[in-house]
Structures are given as structure tokens and as C-alpha cells.
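This report refers to the structure that appears directly beneath it.
No lab work stands behind these numbers, since they all come straight from the coordinates. Bear in mind that the values here come from a model prediction, so they are computed numbers and not experimental data. All Cβ positions, even for glycine, are placed from backbone atoms using ideal geometry, and neighbour counts span all protein chains on display.
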Amino acid sequence: MMRGWLACLVLLPATAQAQEQAPAQGEQQVPQTNVRYDEDWSVLRDTALTGWRRGKYIALVGSGTAYLTLGGEARARFEGFDDNLWGDAAPPDDGYLWLRAMPSADLHAGPVRVFAQGIAGYARGVDAGKGPVDETGIDLLQGFGDIRLALGGAHRLTLRAGRALVALGSERLVGTRYGPNIPQAFDGLHLLAELGPHRIAAFDLRPVAVGSGNVDDATSRTRRLSGMYTTLALAPGVDLDGYWLRLADDEAQQGLQTGRERRDTFGVRAFGKRGRWRWNWEAMAQRGQFAGQRIHAWSIATETEWSLSADAASPRLRLRADIASGDRDARDTRLGSFNALFPKGRYFGELSPVGPRNIIHLAPAIDWDLGRGVSLELAAAFFWRATRGDGIYDIPGQLIRAADPDAARHIGDQIEIVAEWQPDELLSFTASLSAFRPGAYIAQTGPSRTIGMVALEARLRL
């Protein structure tokens, strides 16, 4: 673990030397996103650009109807664990360094657009064996083409074909997996309709299966995701999502059983902000078949935030409350375990080992904007099994403690502190420290030592 700490401490000051001055007068700032293709740098068309912004809008014709945007990201992240999985992991003590670089190019020519993003992703020091979230070598992360049709007024239709990162809503079910080293991309078709403030998306996708070598990421032949996702703007600051998602998985795994799965997810999400309040509440129901069993699963996830004052730098209090169903009896023909499909990589915080299946989760937190780009968050989290007849799972859905109907529900409690420093719009540095104390269920079913977790991250994004 010490070598990883030293590597990050060397990288942080070296990366900090890449800082540049603030935007020159008249230069607009564009919010940068994890998916990158949602960034609209055409606002710089009539601006005299300086520094790195010269690459954000490169006019290819005098009229400005064709232009190129170049971008990139470099990230180094160290994660260290003592007594991982409460001492049940192989090995329980582990420390590794994730490294990735992701250059991108976005070409616009009238109604046609082509976006490409490569990735070079490597892991050093992973003692338990590298997986698809750790390393991919050099590969294509995103590559797609758009055709955009104006429908009059503020309405337009976009057809997208190719490989892309997909983030639906708050990414509880379909996310980019941006936090780990290798994001989750999808191959397929998107149809996107923008009807004034409302959005409708229909898609037919297959996840990309990540290989550990160069240029070997391939379209999955066993899994498919299709559905529709709608966002309605009900009022200023008040929005509502409704969606249907269908997962087809020919080699699905539930606990220790593998079989064919067809699962439909129906959901609704209310989110918005009013005054000092923000909310993000979601309810999901799942039906289908898995290995001859009928699926009856569900989840409710909420996040509510309140600022102590109207000042943007005021401390914010936040409460997350989540429940995801579990299977009551593995011997019957009904499967109650919720499947989070393709969720975001950091589901219950920066470093939590458990995922959203058979779980009750309650997490109060407070965060401060301390000024000068520095923010601090302190969070506690409490976990219980939703049903005694099921075990607990990690974020990808792999079983990490088997079911024991006679054991307690309480999984454990976690405390986490996260500090972030963003000195300018290009650079960010993050440090996370967590401890997960086991509860009665962990103590009754195997090793039960307190997990210690630490992470350091440096990121440069152009």
C-alpha cells in the first residue's frame, strides 16, 4: 500500500504544474461532463480564444457550420484496503494504482456529428487479479455518429448509432461506471427526441465486454438492454422521469446460480430544487423470469438535501434512504432479488463494498464549500439486509456473503470523509478515507474485522 501512496504524492504536484490562468475576458465557460459528448463548445464561435481553449472550437469552414472540438482526460487514482470484505477477500489487504488517459474528438458538420474517444487504462499492484473495471489497454471507449433533424421551433430529433457511454437519470440503473478505472460503454442505436423542455429516448443496446489487451473490447453476445426513458419538465426546477428498461441476459448470475434472465424494470423519478431544498426520489419495480423463477423485485431510493442558508457556500445537510428487495426463499419459484442492471461505480459512497441488492441503507451527511475550490464532506452510513433469506452483494451483483435465515439483519456501519480541491476548471484532487465496522450479520457468517479504506485521486481534464 505504501508504494501506491508514494506514487500519488509524486503525481499530485507534477499534475498541479499544468494549471492555466482563468478564462480571458469574453471567453465563456462550458460545464464539462463525464460523457464529454454533451458539452457544447459552439458558444465559443465568435470568441478570441487563448490557451487550451483554442482546441475547443476549431472552425473548419468560414461560416462556422463545421467545427472540431478536441478534449482529453488523464487520471491517477490510488485505492488501498485493510481487511477488505471484513477480512474475507483474497487478499484482504490490497493497494493498487489505476491510471487512465482518454483523448476525444468531436466533429460537427451541419446536422451530422461524429464523436470519438479513446482510452488507455492500466492497473498496477492489483493482488487479487485484474478485472474489466481495472484494465483495458488501448481501446476505443466511444465512437458514434449522429444525424440531427430540426422539427421546428425548439423541437428536434437525433438518431445515434455506434458506441457510447450512457447515463440515465441519476445512474442508479444505467450509468457510465466513471468512478472505477474503466467506464462501461454500450454499442447500439439511440433515438432522441427533444420537444421543448421535454426529452424522450428510445434505445437498443449491448454492453461492451472489456478485454485486458489492446483493441480487444467487443460487443457482448449474451446481454442486451433496450427501453424508453422520458423526462418531463413540470415546472421551473421540478422534473419527472418515467421509464421502461428490458434486460436480456443469457448467462445471468443470481447468488450461486447461473441461468437465462429476462427482466423488465418500470420506474418513476421525481427530482428538482426549490429554495434551499433539493430532492431526487425514485421508485422501481421489476418483473420477468430467471432460470424458471418468476421475478418480483423492487427498490425505492431517495436523496433529500437542505442548505442551511441561501448562500451558495452554506453547509448542506443530506439524507439518503434506500431499500432494494431481496429473495425470501431460494427454494421457491419466486425471485425477489433486485437487479441494479448497470449502475454507477460509486453507489453508496466513494469506497463502500456493498451494492444495491437485498439492502436497507440510511446515510446522513453534511458537506461544505470552503471556498477557493475546496469542499469537504462527512457522511455516515448504516446497512441492513432487507430480507433474512438472502445474502449481500457487491455493486456488480456478485454474492459476497451467503444467505443465512437465522443470522441478524445488521450488516454494519460506515463513516467516510471526502475532501476535494479544484484549483481551476481543469484540475481536481480528491482524498477519501473510510472505515466500515461489521454488524451482527457479518460477525455471525464469517470474518468480521473492520475495513479500512483510503483513496487519492488526481485528474486533469481538457
task: Would you calculate the separation in nanometres between label points at residue 369 and residue 60, each defined as 7 Å from the Cα along the Cα-to-beta-carbon direction?
output: 3.8 nm
query: Between residue 400 and residue 138, what length in nm is gained on full extension when 0.36 nm per residue of separation is reduced by their alpha carbon distance?
result: 91.2 nm
- line: Placing each pseudo-label 7 Å from Cα in the direction of the beta carbon, residue 157 and residue 233 end up separated by a distance in nanometres of 2.2 nm
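Return a whole-number percent for the relative contact order of the chain, with Cα pairs under 8 Å and 6 or more residues apart as the contact set.
Details: 1258 pairs, mean separation 54.1, N = 462.
Relative contact order of the chain: 12 percent.
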task: Could you tell me the distance between the Cα centroids of the range 379-417 and the range 241-291, to the nearest Å?
output: 19 Å
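With a ≥ b ≥ c taken as the square roots of the eigenvalues of the C-alpha gyration tensor of the range 164-262, please select rounded if a/c is under 1.5 and otherwise prolate if a/b is larger than b/c or oblate if it is not? Working shown, then result.
On the way: a/c = 2.13, a/b = 1.72, b/c = 1.23.
Taking the square roots of the gyration eigenvalues as a ≥ b ≥ c, the range 164-262 is prolate.
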- request: Between beta-carbons, use under 10 Å as the cut-off and find the net charge around residue 82, counting Lys and Arg +1, Asp and Glu -1.
  value: -2
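How high is the FRET efficiency from residue 296 to residue 193, r the C-beta distance, R0 45 Å, rounded to 0.05? Before the final figure, lay out each step's value.
Values: r = 32 Å, r/R0 = 0.72.
E between residue 296 and residue 193, to the nearest 0.05, is 0.90.
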- request: List the trypsin sites (Lys or Arg not before Pro) within the range 195-230 that fall in a DSSP loop (any state other than H, G, I, E or B) and whose Cβ has at most 10 other Cβ atoms within 10 Å.
  value: 221
- line: Here the residues of the range 82-119 lying in the modelled label zone of residue 147, meaning backbone nitrogen under 15 Å from a point 7 Å along Cα-to-Cβ, are 109-114
- prompt: Are there trypsin sites (Lys or Arg not before Pro) in the range 330-438 that DSSP marks as loop and that have at most 15 other Cβ atoms within 10 Å, and which are they?
  reply: 331, 372, 409
field: Per-pair calculated FRET efficiency, R0 = 30 Å: residue 253 and residue 202 via Cβ, rounded to 0.05
entry: 0.60
- line: Quick calc of log₁₀ I(q)/I(0), the range 118-225, Debye, one scatterer on every Cα, no solvent, q values 0.13 1/Å, result -0.56
- line: Taking the chain and counting helices only, DSSP H stretches of n ≥ 4 at -39,500 (n - 2.57) each over all residues, the nearest-500 ellipticity at 222 nm comes to -1500 deg cm²/dmol
message: Just to confirm a number: summing +1 for Lys and Arg and -1 for Asp and Glu over residues other than residue 427 whose beta-carbon lies under 9 angstrom from that of residue 427, what do you get?
response: 0
Cβ-based net charge around residue 149, under 15 Å, with every Lys or Arg adding one and every Asp or Glu removing one: +2
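How would you rank 190, 155, 198, going from fewest to most other Cβ atoms within 10 Å of each one's own Cβ?
On the way: 190 19, 155 13, 198 16.
Starting with the residue having the fewest Cβ neighbours, the order is 155, 198, 190.
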- prompt: When Rg is the radius of gyration of the Cα atoms in the range 231-279 and Rh is its Kirkwood radius, what does Rg/Rh come to?
  reply: 1.28
